[in-house]
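Taking it in order: structure first as structure tokens, then the write-up.
The values are calculated or read from the model by the stated rules, or taken from the named source; none is laboratory data. Everything numeric here is computed off the predicted structure, so don't read it as measured data. Here Cβ is always computed from backbone atoms with ideal geometry, including for glycine, and neighbour counts include all displayed protein chains.
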Amino acid sequence: MPAPNIETIVSLAKRRGFVFPSSEVYGGLGSAWDYGPLGVELCNNVKQSWWRWLVYERDDIEGIDSSIILNRLVWKYSGHEATFHDPLVDCRECKSRMRADKLEGYFPEGDHSSGFDANERLRGGLVKCANCGSTNLTDERYFNMMFRTTLGAAADEDDPAALAYLRPETAQGIFINFLNVQTAMRRKVPFGIAQVGKSFRNEITPGNFILRTREFEQMEMEYFVKPDAEHLKLVDEWVELYVDWFKGLGIDGSNLKLHEVPQEELAHYSKRTVDIMYRYFPERPEEERQWEELMGIAYRTDFDLRSHSSKPVDEEGNRVNPDSTDDLSYFDEPTKTRFYPHVIEPAAGVNRTVLAVLMDAYSERTNDKGETRVILKLSPQLAPIKAAILPLAKNKPEIVGMAKAIKRSLQPTLRAVYDDTGGIGKLYARQDEIGTPLCVTVDHQSLEDEAVTVRDRDTWEQERVKVSDLAEHLQRRLQP
Ligand code: GAP
């Protein structure tokens, strides 16, 4: 049973130290969230799982970590300066500002093609304000979503020479390093470059907790292949691999579905994109409104490597990119040909993965006393804490000493905590709610038989284990 709605997770996340509203002491900052002690562990575990899966377990992918602020020209030639914008409208009645293409009536019935006049529809009263339902809306205007900043102490606010952007995707840091990585690591296509890190978008309507924020983290991989590779089939292959990866993180397949992005909605660089959607809104009665994008897998062609290269020329023979000093083409030794590799890009969000994992792991169970308990059935690899060591009596120094010693002995190899801040029932309930797979209880008997009770989060079953076998026992039970 996944969480009934996102609000259930917002409340659990705050109560138990996963995610807090940011800047709360000053009234918050709409759409910004801070990850608490358990949230940071969960994020790190998602990122580590992804990195291990792609960079360590495969032989054809390298990792990098590029700058967040890149030369402004990167964003000129990537197309982001000209096209990374959303249509914006204001409601004259309630004064809210919204993304126009998300409003009811914006697109003609069943037609998302670009061959219609949005302002004509807005003026004709066909489009409804998402806040108050009024059709008294302004014309749309375009708003570039890149965050602007200026570089250097002396820079004037409007100095175009000092203008820079916070990256809106991690992908460009990979493209501009393609040749560096390829030559330094002596790679031959096909191979991929992976990067995880923060991206920034000045979203017009952020919201739904960590689903859409202005600062977020991406896990992107650019997979470089030959121009004549079977690109569309490769998209399907990566979709399948990612669906399996998400399932491996504990997400139920029935809460995932694929969405083939229509031609007219593709990003400027894409020839084909398939989105993997997650059911973030199970409470909505209309099935089609329950889903939102978890990640996208795009065929980006050779668009980016070509755009950043010095050599390509237009029909008149003029350089397409007169600012670039390098050519990012690749020489294929066996065929003695030079080309710009084509790219398949699986682009996932850390925060959206964390939200999907939390929603899917959520469950409730009623105990013998009729009390309903929350159990977060996180997969052991993602659980922030793997084992909690609990003394049955906190006023018995021998028991406390033994429990603390066990915690210390386990900590080098797995994340363990010691907790004595309540009765055992309360301590179990707290660990269940934060997804700790195993609890280890030290009791009076332990002092005599050198054994402890290991309790399973999902079944509540208990097993007696010798302290000398405990580390190995826990490692085995935590295996995926
Ligand atoms: N390089 C391609 C790219 O950035 P995207 O579909 O715009 O593609 C990829 O972003 C993923 O990044 C999304 O599927 C989503 O998981 C995450 N993402 C994008 N915008 C986000 C936002 N405002 N808040 C949280 N996550 C976001």
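A compact table of results
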item: Cβ pairs under 7 Å, 6+ apart, first in the stretch 69-88 and more than 26 Å from Ala100 (Cβ to Cβ), second in a helix (DSSP H, G or I); result: Leu70/Gln172; Leu70/Gly173; Val74/Gln172; Tyr77/Ser307
item: Residue among Ala429, Ala383 that alone is within 30 Å of Asn255 (Cα to Cα), in contact (Cβ under 8 Å) with a residue 24 or more places away in the chain and either surrounded by 21 or more Cβ atoms within 10 Å (Cβ to Cβ) or hydroxyl-bearing (Ser, Thr, Tyr) (or both); result: Ala383
item: Candidate set: the stretch 292-312, residues that are buried (at least 20 other Cβ atoms within 10 Å of the Cβ) and under 17 Å from Asp252 (Cα atoms); chosen: the one farthest from the ligand (Cβ to nearest atom); result: Leu294
item: Selection within the stretch 161-178 - in a loop (DSSP other than H, G, I, E, B), in contact with a helix residue (DSSP H, G or I) (Cβ under 9 Å, 6 or more places away or on another chain) and away from the ligand (no atom under 11 Å from the Cβ); result: Ile176
item: Whichever residue in the stretch 72-100 is surrounded by 14 or more Cβ atoms within 10 Å (Cβ to Cβ) and polar (S, T, N, Q) and, among such residues, is modelled with the highest pLDDT; result: Ser78
item: Unique residue being in contact with a Phe, Trp or Tyr (Cβ under 8 Å, 6 or more places away or on another chain), near the ligand (Cβ under 9 Å from one of its atoms), under 27 Å from Asn45 (Cβ atoms) and of a type in the set (A, V, I, L, M, F, W, C) when the list is Ile210, Ile193; result: Ile210
item: Some residue of the stretch 394-412 being part of a loop (DSSP other than H, G, I, E, B), hydrophobic (A, V, I, L, M, F, W, C) and surrounded by fewer than 20 Cβ atoms within 10 Å (Cβ to Cβ); result: no
item: Tabulated pairs, the stretch 329-349, first away from the ligand (no atom under 16 Å from the Cβ), second part of a strand (DSSP E or B) and hydroxyl-bearing (Ser, Thr, Tyr), C-beta under 6 angstrom, 6+ apart or interchain; result: Pro341/Tyr330
item: Subset of the stretch 16-39 that is without any contact (Cβ under 8 Å) to a residue 24 or more places away in the chain and in a helix (DSSP H, G or I) - its residue that is surrounded by the fewest Cβ atoms within 10 Å (Cβ to Cβ); result: Val25
item: Scope the stretch 246-281; condition in a helix (DSSP H, G or I) and surrounded by fewer than 19 Cβ atoms within 10 Å (Cβ to Cβ); matching residues; result: Lys247, Gly248, Gly253, Ser254, Gln263, Glu264, Glu265
item: Residue satisfying condition, being at pLDDT below 95 and either hydrophobic (A, V, I, L, M, F, W, C) or within 30 Å of Thr150 (Cα to Cα) (or both), within set Leu29, Leu54; result: Leu29
item: Pairs, first closer than 25 Å to Thr337 by Cα in the stretch 211-237, second part of a loop (DSSP other than H, G, I, E, B) and within 15 Å of the ligand (Cβ to nearest atom), C-beta under 8 Å, six or more apart; result: His231/Lys271
item: Yes/no for Asp156 being more than 30 Å from the chain's Cα centre (by Cα), more than 29 Å from Gln263 (Cβ to Cβ), in a loop (DSSP other than H, G, I, E, B) and of a type in the set (D, E, K, R); result: yes
item: Within the stretch 229-283, considering residues that are acidic (Asp, Glu) and under 30 Å from Asn45 (Cβ atoms), the one farthest from the ligand (Cβ to nearest atom); result: Glu283
item: Condition met for Tyr299 (assigned to a loop (DSSP other than H, G, I, E, B), touching a helix residue (DSSP H, G or I) at 6+ places or on another chain (Cβ under 9 Å), of a type in the set (Ser, Thr, Tyr) and in contact (Cβ under 8 Å) with a residue 40 or more places away in the chain); result: no
item: Residue within the stretch 373-395 that is at pLDDT below 95 and polar (S, T, N, Q) present; result: yes
item: Filtered residue count, the stretch 213-228, keeping only those that are assigned to a strand (DSSP E or B), within 15 Å of the ligand (Cβ to nearest atom) and more than 10 Å from the chain's Cα centre (by Cα); result: 5
item: Among the candidates Ser379, Ser363, Ser310, residue that is within 15 Å of Phe175 (Cβ to Cβ) and either in a loop (DSSP other than H, G, I, E, B) or under 31 Å from the mean Cα position of the chain (by Cα) (or both); result: Ser310
item: Which numbered condition Val46 misses (of (1) aliphatic (A, V, I, L, M); (2) out of contact with any Ser or Thr (no Cβ under 6 Å at 6 or more places or on another chain); (3) modelled with pLDDT of 95 or more); result: (2)
item: Selection status of Thr441, in contact (Cβ under 8 Å) with a residue 24 or more places away in the chain, among the polar types (S, T, N, Q) and closer than 27 Å to Gly248 by Cβ; result: no
